[in-house]
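The values are calculated or read from the model by the stated rules, or taken from the named source; none is laboratory data. A quick note: this is a predicted structure, and the numbers were derived from the prediction, not measured. Neighbour counts are summed over all protein chains in view; Cβ atoms, including those assigned to glycine, are modelled from backbone coordinates with ideal geometry.
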Amino acid sequence: MMTTKFVSVEEGNRRLLVLAAFLDELPPERFDYTKWVGRDWGGAEDLSCGTVACALGWATTIPEFRELGLRLKLGANGSSGAVTLGDSEYASYGTSIAAAQELFCLTSLQVNLLFVPSGRALYEKSTPKQVADLIRSFANERWAYEDED
């Protein structure tokens, strides 16, 4: 399993665009912006069980990200699943935020903007396409900012 520590902004943006392209093809009925993964998740790594997931939950099914160690795991005390990066028996909100920070070179504020519906950018009922558009817009703006330095 590779480590993603100290990933560059450029690599983080490239990974974000991989996720956005995936979300463009995701059926809206399989997407729920409010859940890392649905409570009916049976543990299938590819989410073939028919459950819903958010953008970061679905990212765990992308082979490139799985190779880096991104996984859905059961939450603490058997609660619904959450995301981890690397070895962890259980996952939580905190491990999900940390995984997105490391994988995509994001601050916690940026993770919340992209992956947690709050009304600041998108709302709970957002579609995968809307989230993909937000991710693309963010990555393109971040590239423009980096190019100015």
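The residue that is nearest to the chain's Cα centre (by Cα), counting only those in the stretch 80-125 that are within 21 Å of R136 (Cβ to Cβ) and among the aromatic types (F, W, Y), is F115. Residues in the stretch 85-115 that are modelled with pLDDT under 90, of a type in the set (A, V, I, L, M) and surrounded by fewer than 20 Cβ atoms within 10 Å (Cβ to Cβ): none. Checked against (1) at pLDDT 90 or above; (2) in contact with a strand residue (DSSP E or B) (Cβ under 9 Å, 6 or more places away or on another chain); (3) aromatic (F, W, Y), F138 passes all but condition (2). I'd like the full set of residues that are within 23 Å of S8 (Cβ to Cβ), among the hydroxyl-bearing types (S, T, Y) and touching a residue at least 60 places away in the same chain (Cβ under 8 Å), limited to the stretch 95-129. Residue satisfying the conditions is S96 alone.
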